[in-house]
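This report concerns only the one structure given below.
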């Protein structure tokens, strides 16, 4: 899909007459960009529903759309320092582009740690741009190479948190069927492509090069807005079912808790529910989320996600042994898996063979 946007727009930019692009198409694209931003912001605000991610993204879209309208107003103005013409991009335009790169990377940052997001703290990431801007203004030096490296530094910061995000999901949910923990990788690939388009804009003197950038960024903003509105948010899902946490002086490695927990598991088998979550353990253990997670890690040596999958696979083995007439599809649903492919993948990870192979060998793994 990304190439379907980049390749045709790059090809078409070669066919557009320079005068037509400068006099009409460039400002028209900026205006269309602003419309996309304000429309997306309206959707986010209309469906706010106390969702902080939507609120922050709406603010970003409003700021970006306002900037595009300013660019339309300043179009062909001699006082416009950000005009992209038929010369290599100046440092002022590059600094502005880096601010938008910062805006794009706020979305994955707040999605990974929504409770820790703070405008003031995240604005500190703009400090290097301020320093570079001051140096560029005061001294006759070319800082464009350093400015171009800034978005890479931001992406490194976000990539460092991807593993933590996956780990957090596994510590709180028994299944990732409805939690796309790989979305951030796909998003970052898209941002890397946007960065490559940006670098092309920096070094090329093609007067229509902004055409490719505008189309691609409109696609990025539209895609991100769709993700903000419709992607299931595991943080919101956890918050909606969580009980108010209280501070407790408890020992998460206490064997009494484990005995009480295993008695409840043997009797109720709550792990067979696909929506089983870490906070559901509060039905029998008076611990907050942090202590519950520590208890599972200390007593079983794994995350909540891995622990529950072990229980589910043991139940699947029991069913296939005691009820050989059951199909693999029926076994997977009985054991809390929404999809057979996820059941098969998990079964292979734990036993080293598929459910069919395990059954054909008479239940020996």
Item to complete: For segment 177-191, enumerate the residues that are touching a helix residue (DSSP H, G or I) at 6+ places or on another chain (Cβ under 7 Å) and either at pLDDT below 70 or exposed (fewer than 15 other Cβ atoms within 10 Å of the Cβ) (or both).
Response: 177, 179, 181, 185
Worksheet item: Taking the stated definitions as given, is residue 25 modelled with pLDDT under 90 and assigned to a helix (DSSP H, G or I)?
Response: yes
Worksheet item: Out of (1) modelled with pLDDT of 85 or more; (2) more than 22 Å from residue 197 (Cα to Cα), the odd one out for residue 37 is which?
Response: (2)
Worksheet, complete the sentence: Of all helices (runs of 4 or more DSSP H) fully inside segment 245-341, the set with 3 or more residues that are farther than 23 Å from residue 355 by Cβ and modelled with pLDDT of 85 or more is 255-268, 289-300
Worksheet, complete the sentence: Looking across segment 108-164 at residues that are touching a helix residue (DSSP H, G or I) at 6+ places or on another chain (Cβ under 9 Å), within 19 Å of residue 53 (Cα to Cα) and not in a helix (DSSP H, G or I), the single one that is modelled with the highest pLDDT is 161
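The values are calculated or read from the model by the stated rules, or taken from the named source; none is laboratory data. All values derive from a computational prediction rather than experimental measurement. Methodologically, a virtual Cβ is constructed for each residue, glycine included, from the backbone with ideal geometry; neighbour enumeration extends over all protein chains shown.
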